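Asks: First the structure, which I've put down as structure tokens, then a few questions once you've had a look.
The values are calculated or read from the model by the stated rules, or taken from the named source; none is laboratory data. Given the structure is predicted, the values throughout are model-derived calculations rather than measurements. Cβ sites come from the backbone with ideal geometry, for glycine too, and all protein chains shown count toward neighbours. Please note that ligands, DNA and RNA were not included when accessible areas were found on the heavy atoms of the full protein model with its side chains. Shrake-Rupley method; radii C 1.70, N 1.55, O 1.52, S 1.80 Å.
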Amino acid sequence: MRHKPMPIREETVQAHKQRDHYMEWRTFLLERKRYGQNLVSEHVMELFEEWKREKERDEIRENLRKTASPLERIGLTRSVSGTSLGSAALDSTSSYMRNMKSMSATETDFSHFDEDERTDRTEVDGMDAMEDDDEVTFNSVNNMAQVYAFVGMHHIFERGTGRTQGRVIKFGNNDNDILAFASSDGVISIATAMNKPEVIVELVGHTSQILDFDWSLSNEYLISVAHDKTIKVWNTNTAKCARTIPCKASPTCINFHPLNNNIFLSGFDNGTVTVYNLSTGKPADLKRKAQANTLKLSYPITALCITPLGDMAFVGDQKGFMYVYSIDSSSGLFLGRRIHMIKCSRGGPLTSISYSTYTSNSRRANPCLLVNSCGDDVVKLFGLNRKTGKIEIMGDYPVPHRKLNVRSVFCPLVSFRHGACFVSGSESTEVCVFDLARQTNSVNRLMGHSAAVLDVSWSYDEGLLASCDASGVIILWKRAPFDNEIQQRNIEEKQKREELARQQALLDQFNVQ
């Protein structure tokens, strides 16, 4: 009895075709490396696009050859998409395809290869021909507009009627559901964001506009600063104020130390930055003479940022200067004099400083800073040399920003993609998504706010984007789903990097002791 052959599923055929294309692409790269061409990461994707275009042309020619009559093959022309292809065009193939065909013809016979070529061939079979620092994932989505497409609004919170600003908004650390947003009436709202978005608790205690707040690493505590010259420590489990710290000047910005959540730093409008102990509510105790718990600068402090390793602090002031200081990775105390100072704006205050260790799909760290400066109508990207602490401008991106405190943030998942992105609010009522590799136009603009967008925040897995505006409206944007496998690999890679950073910080702390 003859068995009926099983039909080949369409997705299986597609998977085999995709694998064959990937092998051809790797073979092409191997040929380029063999002939001495240096393949750096910024050139690889240009070669990939060129190779795809050549392959599409060759497929058109091959289809013509199959459907053409014998007379057409020896001299007649066929028109494809308005282009006349003669016999010479039909018979010719690109140099890329000739290289690939010659390689595939000898794939099972290594007799005429020398020892180096055999080694290279084995690398292609193992898909390791490219260096680790020049990774390209064939199946990844290289079009950033598709990666950062949104399906619509997930939910809208209305916290005011035009009087109350939604000044600051932040998801909890490593959390997709817990979201906090502060308003100018002195109230911090904590809400759920995923399945059933709703405000679950309100933290009431400040008597004037809240300027900034931050989550502890475990999301157990939240610290906030306001114009009422107080710093408040909130226990999020009980929704009560655990401590109120009175200040002589108005605190303007605040950050927990990333590795020691008993320490936090706060900037003030009198030009000082102070390191506080959460348990005592007082400035942190000095352990050595070379350390300091307070900095005194010339102008009011407007922005503050700490690296994930807790060893460097970036301070922005009202005149557009950014200062780099070295701090202790365990106690948060300042070590010695400042490392570097740079002018970031034409005179307006710096309203936001964001830090990212990885800003490309390379495994090599390339730390960068994202700076919003009021009055310049741009968001500026700076490269950081961690050995010297020096900062250099790398690019700027057009964002309407003249008067208000607009903030921006890096997109947290960058690995296994070609490049990285960031999101910024704007005074044009739009949420702007930019690709770091393109300084001209944004890859996406979300329109739904009726007032200037002041702050934005990503959930841990980039599934939701939260934005708040000057009228008190908070919008949750739901991003369109993309390849789950790639997304899972991005999250796993981020977790590995965070774990390595924690281990390195513990090792540095042990060496100091």
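Asks: Tell me the label-point distance for the pair Met341, Ser428, using the 7 Å Cα-to-Cβ offset, in nm and rounded to one decimal.
Replies: 3.5 nm
Asks: If the chain between Met153 and Asp377 were fully stretched, how many nm would it gain, using 0.36 nm times the residue separation less the Cα-Cα distance?
Replies: Additional length available on full extension: 78.0 nm.
Asks: Mind ranking Met312, Met394 by accessible surface for me, highest first, 1.4 Å probe?
Replies: Per-residue accessible area, sorted high to low, gives Met394, Met312.
Asks: Using the alpha-carbon centroid of each, what span in Å lies between the range 456-473 and the range 369-391?
Replies: 23 Å
Asks: May I pose another question? Evaluate E = 1/(1 + (r/R0)^6) for Gln439 and Ala365, where r is the Cβ-Cβ distance and R0 equals 22 Å; express this FRET efficiency to the nearest 0.05.
Replies: Between Gln439 and Ala365 the formula returns 0.50.
Asks: Let me ask you something else. Suppose R0 equals 30 Å; then what is the FRET efficiency for Ala290 and Thr238 from their Cβ-Cβ distance, rounded to the nearest 0.05?
Replies: 0.15
Asks: Okay, moving on. Which ³J(HN,Hα) values, rounded to whole Hz and listed in residue order, are derived for the range 182-188 from phi using the Karplus coefficients 6.51, -1.76 and 1.60 in 6.51 cos²θ - 1.76 cosθ + 1.60 with θ = phi - 60°, glycine and proline given as x?
Replies: Calculated HN-Hα couplings, in order: 10, 10, 6, 8, x, 10, 10 Hz.
Asks: Now a separate question. Express in nm, to one decimal, how much length is gained between Lys196 and Asn173 on full extension, taking 0.36 nm for each residue of separation and deducting their alpha carbon distance.
Replies: 6.3 nm
Asks: Now for a different question. Grab the other residues whose beta carbon is less than 9 angstrom from that of Leu384, score K and R as +1, D and E as -1, and report the net.
Replies: Computed value for this residue: +1.
Asks: Now for a separate question. Measure off 7 Å from each Cα along the Cα-to-Cβ vector at Lys248 and Ala480, then give the distance between these two points in nanometres to one decimal.
Replies: Once both label points are built, they end up 5.6 nm from each other.
Asks: Right, something else. So who's got an amide H within less than 5 Å of the one on Cys253, skipping anything under 5 residues away but keeping other chains? H placed 1.01 Å off N, in plane.
Replies: Under 5 Å from the amide H of Cys253: Gly267.
Asks: How much of Asp311 can a 1.4 Å solvent probe reach, expressed as accessible area in Å² and rounded to 10?
Replies: Probe radius 1.4 Å; accessible area of Asp311 about 40 Å².
Asks: Using a 1.4 Å probe, how large is the accessible area of Ile190, given in Å² and rounded to the nearest 10?
Replies: 10 Å²
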